[in-house]
Amino acid sequence: QDMVNESEMYSMKYVMVDFPGNQCTRDYYLKRIEHFFANCDKDSAMLWYTGAAEKGTGNWCFKDGIITFQDVFELYLNHLRGKVVYLVCDCSYSGKWRDECMKKFDEIGVGACGHYSKEQGIMVKVYTSCKYDQEAYELCYTQDVKVDKDKKVLLFWRGKKLASGQITTLFASTKVRCKNGREGPCQTDISRKWGEVLLGHLTYLVQGEDRGKPAWHYVLVDEEKEEQFKEQVKTGTVDVANFGKVLHSGWGEDPPQTIRDEI
C-alpha cells in the first residue's frame, strides 16, 4: 500500500484476498477480476498474484480449481481492451504465463512491435518471478519492488537471477522494437513472431564443417534444450536441427552481412 501511494499512478483495490479457512471459489475470483477490469477508470490496470501455482502451467490455484492465462486474457479483451494491463505473477512456474502470452499474440496475429500492439489495442505486460520450469522460493516482487522517484512508477526485476537460482522474466507487448521509435511508422513486418523476437538470446551461430566443407548455421534453440545444446557444442559435433529451429544455413566460413543484419 505504501508503494502504491508513493507511485501516484495507481490506486489499490483488493481483488483477491485468500486466507486459510476463508478461501473462495475460482468463479468468485474471476468475477472480482472482471469487475476490476470493467470498472477501471485509469489508463492501465495491474493484477498482482502471489500464491500457489500449478506445476507445468503456472496457473493460479484455488480451492476448487485454477485460473489460467486464457481466463484472464479473455476478461482483458472483453472489458479492458485499449488500456494496458500489467500481470504480476509472483509464484512458481510463472514464466509459463509469459510464454502463453507470446503464443497468444502470435496466434491472433499481433505483429512483434509495440506499434501493432497499440494499433490493435491489445497491450499486455507480464512480469514473472521465475522461469516456466522453476519454483519460486523467493517471492521477489513481494519483497523487492522499487519506486522510480522521478517517473513515479513501480519497478520490477526482469532477467535477474536470484540467490535461489530462479530467474525473473518479462513479456511487454508495448515495447517498440523497430528503428523508427515510438513516433515513426512501424518498419517491422507484421508477420514477424513475438516468440522469435523475444527469444533472440537463444539464437546461436554455429560454424564448422558439414560433409567436409565449411558451413554455418543460425539456430533458434529451444529454451528447454539450451544447456544440452551448449554441452553438445563443446564436443565438437552437433546436429543443430535436434535442438531447435534452423533459421538460416549456408556454405562457407561466415554468413553474408545481409543475413547477419537480419538476425
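The values are calculated or read from the model by the stated rules, or taken from the named source; none is laboratory data. Since the structure is predicted, the reported quantities are computational estimates derived from the model, not experimental observations. Glycine gets a Cβ as well: all are built from the backbone with ideal geometry, and neighbour counts include every protein chain shown. To get the accessible areas, we keep the full protein, side chains included, count just its heavy atoms, and leave off ligands, DNA and RNA. Shrake-Rupley method; radii C 1.70, N 1.55, O 1.52, S 1.80 Å.
Is it fair to say Lys31 is buried (at least 16 other Cβ atoms within 10 Å of the Cβ), among the charged types (D, E, K, R) and at pLDDT 90 or above? First the steps, then the outcome.
Numbers: buried (at least 16 other Cβ atoms within 10 Å of the Cβ): no; among the charged types (D, E, K, R): yes; at pLDDT 90 or above: yes.
It is false that Lys31 is buried (at least 16 other Cβ atoms within 10 Å of the Cβ), among the charged types (D, E, K, R) and at pLDDT 90 or above.
For the stretch 229-241, the candidate set comprises residues that are open to solvent by 90 Å² or more (accessible area, probe 1.4 Å) and not hydroxyl-bearing (Ser, Thr, Tyr); within that set, the residue that is nearest to Leu202 (Cα to Cα) is Glu231.
Note on the stretch 34-61: among residues that are under 20 Å from Glu100 (Cα atoms) and hydroxyl-bearing (Ser, Thr, Tyr), the one that is most open to solvent (accessible area, probe 1.4 Å) is Thr50. Every condition in (1) modelled with pLDDT under 90; (2) surrounded by fewer than 23 Cβ atoms within 10 Å (Cβ to Cβ) holds for Tyr141 except the one numbered (2).
Ser117 meets the conditions (1) open to solvent by 10 Å² or more (accessible area, probe 1.4 Å); (2) closer than 29 Å to Cys178 by Cα in every case but one. The failed one is (1). Within the stretch 62-103, the set of residues being open to solvent by 30 Å² or more (accessible area, probe 1.4 Å), assigned to a helix (DSSP H, G or I) and either closer than 26 Å to Thr25 by Cα or touching a helix residue (DSSP H, G or I) at 6+ places or on another chain (Cβ under 6 Å) (or both) comprises Gln70, Asp71, Glu74, Leu77, Asn78, His79, Lys96, Glu100.
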